[in-house]
Amino acid sequence: QDAKLIEDALLSHFFLQNLEKQARTEIIKELSLIFVEKGKTIFPEGSIGNYFYIIKEGQIELTVQNTNLKKTLSAGECFGEIALLLNCPRTATLKTLSDVFLWSMEKKNFNKIIEHITHLSFEETKKVIQNIPMLSILDHDKKLSLTHHLYKFTLPPGSQITTKNAKPTSVFFIKEGDYLFIQFGHNDDDT
C-alpha cells in the first residue's frame with residue numbers, strides 16, 4: 001500500500017511524473033518513514049532545504065509569508081522538492097495540523113537520483129535523435145545541442161497537442177504511442 005501511495009504521489013507531481021519506472025523505484029528504496037507530532041513546524045520559509053517529503057498519513061498546512069496563500073496537504077502529496085531542485089531556500093512554511101507520518105529523502109540521495117535520471121534521459125534522447133531520418137543532415141554538434149534542449153513528457157489519451165491556426169512554438173517528436181491527425185479544409189468555415 002505504501003509503495004502504491006508513493007508511486008501515485010510521484011506520478012501526480014508536476015516534475016516527478018516524467019520519471020521512468022526505474023527512477024521511481026530508486027526513489028522508493030531511498031525513502032525513510034518519520035513521525036511528526038501535531039503543531040510542529042516541519043520547516044519554516046527561508047530555511048535551507050535538506051529533505052524531500054511525501055505524506056503517508058495526516059494533514060499539513062502550507063503558508064507563504066506576505067501572501068494569503070494557505071493550503072492543506074494530505075496523504076499522497078509531495079513537498080520540499082523546489083528547494084532541492086533549484087538549490088534555493090524553502091519557499092513556504094509547513095506545519096502539522098495533526099500527527100503526521102512522512103516518507104522523507106535526504107537531499108544528497110534526491111540529487112543523486114535526479115542526476116542519474118538526467119543522464120539516462122540524455123542518452124535516451126540522443127539515441128532517438130540519431131534515428132530520426134530528417135535530422136540526419138545535422139552534424140554531431142547540432143544533434144548534441146538539440147539533445148540538450150529536448151524535453152520529454154507524456155500526454156494522456158485524448159490530449160490536444162495543437163489547434164488550427166495556433167502559432168507554432170515547438171517541434172514535437174513522438175517517441176511512442178499513437179496519434180490522430182486531423183487536417184482542416186481550406187475554408188475557415190470547415191470544421
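The values are calculated or read from the model by the stated rules, or taken from the named source; none is laboratory data. Computed from a predicted structure; not experimentally measured. We place every Cβ from the backbone using ideal geometry, glycine too, and count neighbours over all the protein chains shown. Areas reflect the complete protein model, heavy atoms only, side chains present, ligands, DNA and RNA absent. Shrake-Rupley method; radii C 1.70, N 1.55, O 1.52, S 1.80 Å.
For the reader, a short list of remarks on this structure follows.
- Looking only at the stretch 142-168, and only at residues there that are assigned to a helix (DSSP H, G or I) and under 18 Å from His119 (Cα atoms), the one that is least open to solvent (accessible area, probe 1.4 Å): Thr147
- Residue list for the stretch 13-31, restricted to those being outside any helix (DSSP H, G or I) and open to solvent by 60 Å² or more (accessible area, probe 1.4 Å): Phe14, Phe15, Glu20
- Residue satisfying all of: in the stretch 94-114; within 24 Å of Glu26 (Cα to Cα) and touching a Lys or Arg at 6+ places or on another chain (Cβ under 9 Å); surrounded by the most Cβ atoms within 10 Å (Cβ to Cβ) among these: Val100
- Of all residues in the stretch 169-191 being among the β-branched types (Val, Ile, Thr) and at pLDDT 70 or above, the one that is nearest to Ile117 (Cα to Cα): Ile174
- So Leu10, is it open to solvent by less than 30 Å² (accessible area, probe 1.4 Å), part of a helix (DSSP H, G or I) and touching a residue at least 24 places away in the same chain (Cβ under 8 Å): yes
- Test result for Thr72, outside any loop (DSSP other than H, G, I, E, B), over 18 Å from Glu30 (Cα atoms) and either among the β-branched types (Val, Ile, Thr) or touching a Gly at 6+ places or on another chain (Cβ under 9 Å) (or both): yes
- Check on Thr91, open to solvent by 70 Å² or more (accessible area, probe 1.4 Å) and under 15 Å from the mean Cα position of the chain (by Cα): no
- Test: residue in the stretch 44-53 that is open to solvent by 60 Å² or more (accessible area, probe 1.4 Å), assigned to a helix (DSSP H, G or I), in contact with a helix residue (DSSP H, G or I) (Cβ under 7 Å, 6 or more places away or on another chain) and under 30 Å from Thr154 (Cα atoms): no
- Residue in the stretch 115-134 that is touching a residue at least 24 places away in the same chain (Cβ under 8 Å), part of a loop (DSSP other than H, G, I, E, B) and open to solvent by less than 70 Å² (accessible area, probe 1.4 Å) present: yes
- Lys4 open to solvent by 60 Å² or more (accessible area, probe 1.4 Å), out of contact with any helix residue (DSSP H, G or I) (no Cβ under 8 Å at 6 or more places or on another chain) and within 30 Å of Glu124 (Cβ to Cβ): yes
- When every residue of the stretch 57-73 is checked against the conditions, at least one turns out to be crowded, with 16+ Cβ neighbours inside 10 Å and under 19 Å from the mean Cα position of the chain (by Cα).
- Qualifying residue in the stretch 48-62 (condition: without any contact (Cβ under 8 Å) to a residue 40 or more places away in the chain and out of contact with any His (no Cβ under 6 Å at 6 or more places or on another chain)): yes
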